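Following: one structure in structure tokens, then a few remarks.
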Number of protein chains: 2
Amino acid sequence: MGAMTTPTREQERASSARDGAEQRERTSSDRTWTIREIADEFGVTHRTVRHYEDLGLISPERRGTTRVYHRRDRTRLNLILRGKRLGFPLEEIRTIIDLYDRPRGKASQLEYVLGQIDERREDLEQRRRDIEDALSELGEFERRCREDLDRLG
Amino acid sequence: MGAMTTPTREQERASSARDGAEQRERTSSDRTWTIREIADEFGVTHRTVRHYEDLGLISPERRGTTRVYHRRDRTRLNLILRGKRLGFPLEEIRTIIDLYDRPRGKASQLEYVLGQIDERREDLEQRRRDIEDALSELGEFERRCREDLDRLG
DNA sequence: TCATTGCTTTACGTTTACGTCAACGTCAAG
DNA sequence: CTTGACGTTGACGTAAACGTAAAGCAATGA
């Protein structure tokens, strides 16, 4: 995780809460967000965020009835959205997230996780090959188009 | 049995389907396939193949009422399935296929096609980045797992 | 001749991933 | 106290991508 996390405006609240006596010093890791803020920032609807919660992909804190989102929820959302861009179904994305989150104390657990990692890797590498193929076909096609264009001009 | 209206092609197809090994007088580019053969070979159902036809992604020849698949249909099916592996919706896949097939005689057409190619390329390169990121995260995660495993052993 | 096999169309069912109300709670401002 | 901005939980709608009968020819095997 963290390889492609978007640098965001977590500084603003962190610095302004520096001298507040009422609130303990809030580091950026303490910041929380509402569902609307999260949805807007990630470019999805609140309905979508709630849908992901229904499927168990995220589980924000509840204060009373209201959802409170923390940094970990943002991390998960990033994973989810990238998974979606890659065309993975949400259920499969959930298994991936669970994989990252699963407690892996015992050796048997770790062996299992390593096996899952290999499966994931196979899948991703197949996709990468598909993309490379598609890109090179696209390049070849472009070359031919430009040839045709040159003959016309 | 009554008089056959168009006996020639129908019988050709029937006999070639019966024993394909003997029918090697035909060059491979002339070979045709039934919907079942195509479906089996590509690992999809005939319903799926017909669905793609409904959406205009393939348009096999018709002999009478029966669908006859040629090499170009197989090429298209390959494009479709790769598109699906990459998570593209079928409608978008159709536009890509149409792009490759579109007659591009005039310069304006070619300009348009080149623009489309760029869009496609952007999309694919975004996906590639996502895959690279996911793969490197996976690698990092694996490294940590192996560390944990070493500490246990 | 009859049954089987394969292809056909029509049409409704299903799953995924949400969208879209509806109806209600809550809290600060006017 | 009412209004309005957000929040909540259902519950139903929908589009994509097929699945799954149902029902019908047409050629072939027994």
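For region B:29-39, does any single residue satisfy the condition of being surrounded by 14 or more Cβ atoms within 10 Å (Cβ to Cβ), modelled with pLDDT of 95 or more and within 11 Å of DNA strand D (Cβ to nearest atom)?
Yes, the conditions are met somewhere in region B:29-39.
Can you tell which of A:Asp118, A:Asp133, A:Asp123 is surrounded by 16 or more Cβ atoms within 10 Å (Cβ to Cβ), part of a helix (DSSP H, G or I) and of a type outside the set (Ser, Thr, Tyr)? Break it down stepwise before answering.
Details: A:Asp118 fails: surrounded by 16 or more Cβ atoms within 10 Å (Cβ to Cβ); A:Asp133 fails: surrounded by 16 or more Cβ atoms within 10 Å (Cβ to Cβ).
Of the residues listed, the single one that is surrounded by 16 or more Cβ atoms within 10 Å (Cβ to Cβ), part of a helix (DSSP H, G or I) and of a type outside the set (Ser, Thr, Tyr) is A:Asp123.
Got at least one residue in region B:66-79 being within 14 Å of another protein chain (Cβ to nearest Cβ), in a helix (DSSP H, G or I) and surrounded by 15 or more Cβ atoms within 10 Å (Cβ to Cβ)?
Of all residues in region B:66-79, those within 14 Å of another protein chain (Cβ to nearest Cβ) come to B:75-76, B:78-79.
Okay, now just the ones that are also in a helix (DSSP H, G or I), so B:75-76, B:78-79.
Okay, now just the ones that are also surrounded by 15 or more Cβ atoms within 10 Å (Cβ to Cβ), so B:76, B:79.
Yes: one or more hits.
For region A:60-74, name all the residues that are on the phi < 0 side of the Ramachandran plot and not hydroxyl-bearing (Ser, Thr, Tyr). Talk me through it step by step, then tell me what you get.
Of region A:60-74, the ones on the phi < 0 side of the Ramachandran plot are A:60-63, A:65-74.
Correct list: A:Pro60, A:Glu61, A:Arg62, A:Arg63, A:Arg67, A:Val68, A:His70, A:Arg71, A:Arg72, A:Asp73, A:Arg74.
What are the residue pairs meeting all of these: first residue in region B:90-113, first residue under 14 Å from B:Arg76 (Cβ atoms) and within 16 Å of DNA strand D (Cβ to nearest atom), second residue outside any helix (DSSP H, G or I) and modelled with pLDDT of 90 or more, Cβ atoms under 8 Å, and 6 or more apart or on different chains?
Once the first residue is under 14 Å from B:Arg76 (Cβ atoms) and within 16 Å of DNA strand D (Cβ to nearest atom) and sits in region B:90-113, its partners that are outside any helix (DSSP H, G or I) and modelled with pLDDT of 90 or more give B:Leu90/B:Leu55; B:Leu90/B:Leu57; B:Ile93/B:Leu57; B:Arg94/B:Leu55; B:Arg94/B:Gly56; B:Arg94/B:Leu57; B:Ile96/B:Phe88; B:Ile97/B:Leu57.
Does at least one position in region B:98-109 carry a residue that is in a helix (DSSP H, G or I), more than 7 Å from chain A (Cβ to nearest Cβ) and of a type in the set (Lys, Arg)? It would help to see each step written out before you state the result.
Applying the first criterion (in a helix (DSSP H, G or I)) to region B:98-109 yields B:98-101, B:107-109.
Those still in the list that are more than 7 Å from chain A (Cβ to nearest Cβ) too: B:98-99, B:101, B:108-109.
Filter once more, keeping what is of a type in the set (Lys, Arg): none.
There is no residue in region B:98-109 that is in a helix (DSSP H, G or I), more than 7 Å from chain A (Cβ to nearest Cβ) and of a type in the set (Lys, Arg).
Given the residues B:Leu81, B:Leu90, B:Leu77, B:Leu99, which is the only one that is hydrophobic (A, V, I, L, M, F, W, C), more than 16 Å from DNA strand C (Cβ to nearest atom) and modelled with pLDDT of 95 or more? Write out each step before concluding.
Details: B:Leu90 fails: more than 16 Å from DNA strand C (Cβ to nearest atom); B:Leu77 fails: more than 16 Å from DNA strand C (Cβ to nearest atom); B:Leu99 fails: modelled with pLDDT of 95 or more.
Sole residue among the options that is hydrophobic (A, V, I, L, M, F, W, C), more than 16 Å from DNA strand C (Cβ to nearest atom) and modelled with pLDDT of 95 or more: B:Leu81.
Quick check: is even one residue across region B:87-108 on the phi > 0 side of the Ramachandran plot and buried (at least 16 other Cβ atoms within 10 Å of the Cβ)? Quick ask: steps written out before the conclusion?
We begin by selecting, within region B:87-108, every residue on the phi > 0 side of the Ramachandran plot; these are B:87.
Filter once more, keeping what is buried (at least 16 other Cβ atoms within 10 Å of the Cβ): B:87.
Yes, region B:87-108 contains a residue that is on the phi > 0 side of the Ramachandran plot and buried (at least 16 other Cβ atoms within 10 Å of the Cβ).
Against the definition (surrounded by 14 or more Cβ atoms within 10 Å (Cβ to Cβ) and more than 13 Å from every other protein chain (Cβ to nearest Cβ)), how does A:Val44 come out, yes or no?
On the way: surrounded by 14 or more Cβ atoms within 10 Å (Cβ to Cβ): yes; more than 13 Å from every other protein chain (Cβ to nearest Cβ): yes.
It is true that A:Val44 is surrounded by 14 or more Cβ atoms within 10 Å (Cβ to Cβ) and more than 13 Å from every other protein chain (Cβ to nearest Cβ).
Which condition from (1) more than 7 Å from chain B (Cβ to nearest Cβ); (2) touching a residue at least 12 places away in the same chain (Cβ under 8 Å) is the one that A:Arg129 breaks?
(2)
Determine, yes or no, whether B:Val44 is assigned to a loop (DSSP other than H, G, I, E, B) and either touching a Lys or Arg at 6+ places or on another chain (Cβ under 9 Å) or within 22 Å of A:Pro89 (Cα to Cα) (or both).
Working: assigned to a loop (DSSP other than H, G, I, E, B): yes; either touching a Lys or Arg at 6+ places or on another chain (Cβ under 9 Å) or within 22 Å of A:Pro89 (Cα to Cα) (or both): yes.
Considered against the rule, which asks whether it is assigned to a loop (DSSP other than H, G, I, E, B) and either touching a Lys or Arg at 6+ places or on another chain (Cβ under 9 Å) or within 22 Å of A:Pro89 (Cα to Cα) (or both), B:Val44 comes out as yes.
Mind checking which pairs have a first residue in region B:43-68 that is within 23 Å of B:Asp30 (Cβ to Cβ) and a second that is at pLDDT below 95 and near DNA strand D (Cβ under 8 Å from one of its atoms), Cβ under 8 Å, 6 or more apart or different chains?
Once the first residue is within 23 Å of B:Asp30 (Cβ to Cβ) and sits in region B:43-68, its partners that are at pLDDT below 95 and near DNA strand D (Cβ under 8 Å from one of its atoms) give B:Arg63/B:Glu10; B:Gly64/B:Glu10.
Report the residue count in region A:43-70 for those that are within 12 Å of the chain's Cα centre (by Cα) and more than 11 Å from DNA strand C (Cβ to nearest atom).
Residues in region A:43-70 being within 12 Å of the chain's Cα centre (by Cα) and more than 11 Å from DNA strand C (Cβ to nearest atom): 1 in total.
So is A:Leu86 more than 8 Å from every other protein chain (Cβ to nearest Cβ), within 16 Å of DNA strand D (Cβ to nearest atom), touching a residue at least 24 places away in the same chain (Cβ under 8 Å) and out of contact with any strand residue (DSSP E or B) (no Cβ under 6 Å at 6 or more places or on another chain) or not? Walk me through it before giving the result.
Working: more than 8 Å from every other protein chain (Cβ to nearest Cβ): no; within 16 Å of DNA strand D (Cβ to nearest atom): yes; touching a residue at least 24 places away in the same chain (Cβ under 8 Å): yes; out of contact with any strand residue (DSSP E or B) (no Cβ under 6 Å at 6 or more places or on another chain): yes.
No: the conditions fail for A:Leu86.
The values are calculated or read from the model by the stated rules, or taken from the named source; none is laboratory data. Quick caveat, the model's predicted, so the values are computed rather than measured. Counting neighbours? That spans all protein chains shown, and the Cβs are built from the backbone with ideal geometry, glycine included.
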